[in-house]
Each structure stands twice: as C-alpha cells, then as structure tokens.
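Following: one structure in structure tokens, then a few remarks.
The values are calculated or read from the model by the stated rules, or taken from the named source; none is laboratory data. Source: prediction; values computed, not measured. Ideal geometry is used to build each Cβ from the backbone, glycine not excepted, and the neighbour counts take in all protein chains shown. We work out accessible area using only protein heavy atoms, side chains counted, and drop any ligands, DNA or RNA first. Shrake-Rupley method; radii C 1.70, N 1.55, O 1.52, S 1.80 Å.
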Amino acid sequence: QVQLVESGGRLVQAGGSLRLSCADSGRTLSTYTMGWFRQAPGKEHEFVATISRSGTITYYADSVKGRFTISRDNAKNTVYLQMNSLKPEDTAVYYCAAAPGPVSTLKTEYTYWGQGTQVTVSS
C-alpha cells in the first residue's frame, strides 16, 4: 500500500530555495506516476509538476516552469521537488500524490495523497 509522507517545507525568504521530499513507506513508489500539487489558503488544489515512473517524462505548471524541478529516486522510494527563485505567491501547502496511469495534471487521476508540507515565502 502506498503511504506518502512529505517533508522539507518551512519559512524562506523570497528568492530562496527549498527541496521538498516525498517518501513512500510502502516501497511501491516506482510503480506510480508521481505529482506535486499545492493549495494556498482559500484556493483549490493547483497542479505543480508530474514525473513518469521512469523519470524520463516531466511536466510543469507554467507558473513554476524554469524555477522548479521534479525528480525521483526509485531505489530510495522518494520523489523530490527542487524549488528555486521562490516567490511569495508560491506560499501554500504542498502535497505529493501517486497516480496509477500516465503523467497527468488532473488531481482526479491521483489515487494516493500525502498529508502535505507547508511552504511559506516571505517578501
């Protein structure tokens, strides 16, 4: 069973960097497409990035393209989100999620979700 746990969120100044991690204690992460979503206060979940099972295909939201990088280490059952040049509008709870199908930007395609990690970017 997939059990996702995110970590790495904290308070950071604008322009700074963070790396989020998402570990799967169920050790099945390699069989899933993985994605990162975020939710700011009062807003819906927003797609951030997705990566294929092998890691060869990635896709990003326009708002983070060129600043964020998604990667995975299947041997460590972990997915990462490297976030650079952070902006105050990146402030949100960040969630990782696992999908049984191909890469997707749709929240409904993702079956398993972590509990989220808070990222706060101060101006």
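Some notes on this structure:
- Relative contact order (%) - criterion: Cα under 8 Å, at least six apart; region: the chain: 36 percent
- Per residue, in Å², the accessible surface of the chain once ligands and nucleic acids are set aside, probe 1.4 Å: 50 Å²
- Expressed as a whole percent, the accessible area of the chain that falls on carbon and sulfur atoms is 49 (1.4 Å probe).
- Residue-wise HN-Hα coupling along region 34-45, computed from phi with Karplus coefficients 6.51, -1.76, 1.60 (Hz; x: Gly, Pro): 10, x, 10, 10, 9, 9, 8, x, x, 10, 6, 4
- Other residues within the sphere of radius under 15 Å centred on the Cβ of residue 75, judged by their own Cβ, net out at +2 (K and R +1, D and E -1).
- Accessible area (Å², 1.4 Å probe, nearest 10) - residue 11: 110 Å²
- Per-residue SASA entry for residue 79, accessible area with 1.4 Å probe, Å² rounded to 10: 0 Å²
- At most 13 other Cβ within 10 Å, DSSP loop - trypsin sites (Lys or Arg not before Pro), region 36-95: 43, 65
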